[in-house]
Amino acid sequence: MTLISPSRRLRRTPFSDGVEAAGVKGYTVYNRMLLPTVFRSVEEDYRHLKEAVQIWDVSCERQVELRGPDATRLMQMLTPRDLRKMQIGQCYYVPIVDETGGMLNDPVAVKLAGDRWWISIADSDLLLWVKGLAYGFRLDVLVDEPDVSPLAVQGPKSDDLMADIFGDAVRDIRFFRFGVFSFLGHDLVIARSGYSKQGGFEIYVESTEIGMPLWNALMEAGRKYDVYAGCPNLIERIEGGLLSYGNDMTDENTPHECGLGKFCNTHSAIGCVGRDALLRVAHEGPVRQIRAIEIAGPAVPGCDRVWQVRSGEQLVGRITSATWSPDFNTNVAIGMVRMTHWDAGTELNVELPDGSRRAALVHEKFWN
Ligand code: THG
């Protein structure tokens, strides 16, 4: 693949001018929006993310906003995670399931007020499902996609950079909590979260007009921390076991198959549309599940299709994400493996486009 032809259908973001000025080298498409995938090289970006601080244009993590008296009821219809104890100011990672218990999305839910939520979505048209439920159940709630674009600040020097712009109070934000901070007269939600294991924040930038002023302020203040533009990094996220909806899981999978059972309280999630289906499958337990897998040999090619996993002739799983890891000096991968072959240490074969490789289920959950 060599070029993405720009058009209005493929949305730019409030930060696209900054991303281009920083020399973006590749994009993917996510929620019909541009998402950078590489700036210097995937390996250089990876090293820099682990040592310094990066600014990520993750505007493609669009918000589905629920607002009104039935907002919380609707939110609970979407997920098997029990939301009753969730406080205003908290964020929850929530599996979203359909009536069969199939995964529709794996967003971050942000509780802004008792009657107002943002669902910060992964790559699927969740807005349509949510609007359909609100209309079909005659709920008293407004559902739309506001002009809110997350800008992530990720890496070990994130706290220092953010404190320079927003004050030392940002250092006190706890993991998956948010505070409201002012920038050029605009109130912004800032959470300690993000799609990496290196620490950092997500700024929910409300209104396109402050996008570039904020980008420029972070880049300017970040010089002393060696700040650079970055993006979700393939190597770092596989090492960290962060799942990618559409790649590692689809609506064919239950949350339990995805290893997201710890984010389900299906018994007490009264009102969840997938509750009955999930109670049935949770009782039996999944027969295949997401696992961390090491693939032997030199650097694997890009995993842009499923690679079958075999034990002898028998098909026992599939790899859906894989890359060379410089820090672990091996190929790291995420795949779905059948119960009969998912124990740590199990040795298998993976069918790459250029031939078969030895592989093994790793002992730790992932590489962090
Ligand atoms: N941030 C925000 N929106 C998002 C993402 C994000 N939308 C799209 C996509 N990422 C959704 N998927 C994920 C996957 C993992 C996490 C968040 C969103 C994540 N998981 C942590 C982990 O697994 O270690 C922590 C989960 C927890 O303990 O609650 O952060 O990144 N705004």
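When ranked by the protection proxy of mean other Cβ atoms within 10 Å per residue, highest first, what sequence do the peptides 24-30, 352-358, 13-19 form?
Per-residue mean Cβ counts within 10 Å order the peptides as 13-19, 24-30, 352-358.
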Would you mind putting 130-137, 152-159, 181-188 in packing order, based on average other-beta-carbon counts within 10 Å, highest first?
152-159, 130-137, 181-188
Going Cα to Cα from residue 365, which aspartates and glutamates come in below 20 Å? Please leave out same-chain ones fewer than 8 positions away.
106, 236, 239, 248, 257, 294, 327, 343, 347
GNM flexibility winner over the chain from 236, 99, 313 (Cα, springs under 10 Å):
313
Which is farthest toward the positive dipole end of the chain among 3, 215, 89, measuring Cα position about the Cα centre, with Cβ charges +1 (Lys, Arg) and -1 (Asp, Glu)?
89
What is the dipole size for the chain, taken about its Cα centre, with +1 at each Lys and Arg Cβ and -1 at each Asp and Glu Cβ, in debye to the nearest 20?
480 debye
For the chain, built as a Gaussian network whose Cα springs stay under 10 Å, the top-fluctuating residue of 277, 229, 163
163
Mean separation of Cα pairs under 8 Å and 6+ residues apart, divided by the residue count of segment 288-368: what relative contact order is that in percent?
37 percent
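For 164, 57, 343, what ranking results if the residue with the fewest other Cβ atoms within 10 Å of its Cβ goes first? All intermediate terms of the calculation are to be shown ahead of the outcome.
Values: 164 17, 57 28, 343 11.
By the 10 Å Cβ count, ascending, the order reads 343, 164, 57.
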Student exercise, segment 97-148 dipole from Lys, Arg, Asp, Glu Cβ charges, in Debye to nearest 20:
220 debye
Most exposed first by the Cβ proxy, i.e. fewest other Cβ within 10 Å, how do 37, 72, 266, 340 rank?
340, 37, 72, 266
Would you work out the charge dipole size for segment 285-354 about its Cα centre, treating the Cβ of every Lys and Arg as +1 and the Cβ of every Asp and Glu as -1, and quote it to the nearest 20 debye?
300 debye
Express in whole angstrom the spacing between the alpha-carbon centres of segment 287-340 and segment 55-117.
31 Å
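Under the definition of Cα pairs under 8 Å and six or more residues apart, what whole-number percent is the relative contact order of the chain?
Computed value for the chain: 18 percent relative contact order.
Computed from the coordinates by the stated procedures, all read-outs in this text should not be read as laboratory data. If you're wondering where the values come from, they're calculated on a predicted model, not measured in any experiment. Don't worry about glycine lacking a Cβ; one is built from the backbone with ideal geometry, like all the others, and counts go over all protein chains shown.
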